[in-house]
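In what follows, a structure is listed as structure tokens, so that the remarks can point back to it.
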Amino acid sequence: MPKKLAAGNWKMNGLAAELSEIDALTAAHPDPSCDILICPPATLLSRMADRTGGTAIKLGGQDCHEAASGAHTGDVSAPMLADAGASHVILGHSERRADHGETDGLVSAKAGAAAAAGLVPVICVGETLEEREAGETLAIVGRQLRGSVPGALSTLVIAYEPVWAIGTGKVPSIEEIGEVHGFIRAELRGMGAAFDPGATPILYGGSVKPGNAAEIFAVADVDGALVGGASLKASDFSGIIASLEAA
Ligand code: PGA
């Protein structure tokens, strides 16, 4: 069974004043039965690491460059994230795919760079509303998985995030979530890769809140969540963590 994971994606939110949220989170979850990951903006990573050392909270980046170093103004590399205290990195988030034109091939290269730096890649896949309405969800998710996940990875996390559910308050039905998560597990098994498909956490992401988390976590092959807006306040994220621990 995969270890359950509650992951928070702060996106482009968070100044020094918000570091108190991490203190509240570590105090509320001294000995959680699931993994807890916060992915703050890169600017807060090392200051957050100073506060989470010796606690159960893990930290991650939100993206990395596919090269370890070099002339890439404005980019952050996987070794830099690891150096700042990260253990994970989100890759291929739909906002990166849409805002920066990231392709499956680039996400795959970044995942390789992350693994080489000792980071666990959290690889995101998910269909747009147009693709869902055209009945293409599984074809799109399957193509993204095959293109974005290097078979040589030994450890990874997958996040299924329907683009139309991110930040909208809209959530797929329980049946729809179950169908895609079951499909992803089967695809991972079919990849014949270095990682263990049965031990790979598959997270659901898109408008997860304290009020809907329990029913989402009850779905087969949902091993946790990637949470945006509701991860910014420790009080909200704690409710989601509690639901995952109880699932
Ligand atoms: P949301 O974002 O929880 O605010 O919908 C999820 C994500 O984009 O990871």
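Brief remarks on what is shown
- The calculated FRET efficiency for A67 paired with K209, based on their beta-carbon distance and R0 = 35 Å, is about 0.40.
- Beyond 31 Å, the tail of the calculated P(r) for the chain holds 16 percent of the Cα pairs.
- Distance (nanometres) between label positions extended 7 Å along Cα→Cβ at A152 and A116: 0.8 nm
- Net lengthening on full extension, R47/K3 (0.36 nm per residue, minus Cα-Cα): 13.2 nm
- Partners for K58 among lysines (Cα-Cα distance below 23 Å; same-chain residues under 8 apart left out): K3, K4, K11, K110, K209, K233
- On full extension, the segment bounded by E130 and A16 gains 37.2 nm, given 0.36 nm per residue less the C-alpha separation.
- Among M12, G101, L119 the positive-end extreme of the charge dipole of region 1-153 (Cβ point charges): L119
- Computed from the C-beta positions of A98 and L138, the FRET efficiency with R₀ = 25 Å rounds to 0.75.
- Cα→Cβ-extended label distance, 7 Å offset, between A27 and K170, nm: 3.9 nm
Taken together, the values in this text are just the output of simple stated rules run on the coordinates, not laboratory data. Everything numeric in this text was worked out from a predicted model, so none of it was measured. Note: ideal-geometry Cβ built from the backbone for every residue, glycine included; neighbour counts use all protein chains shown.
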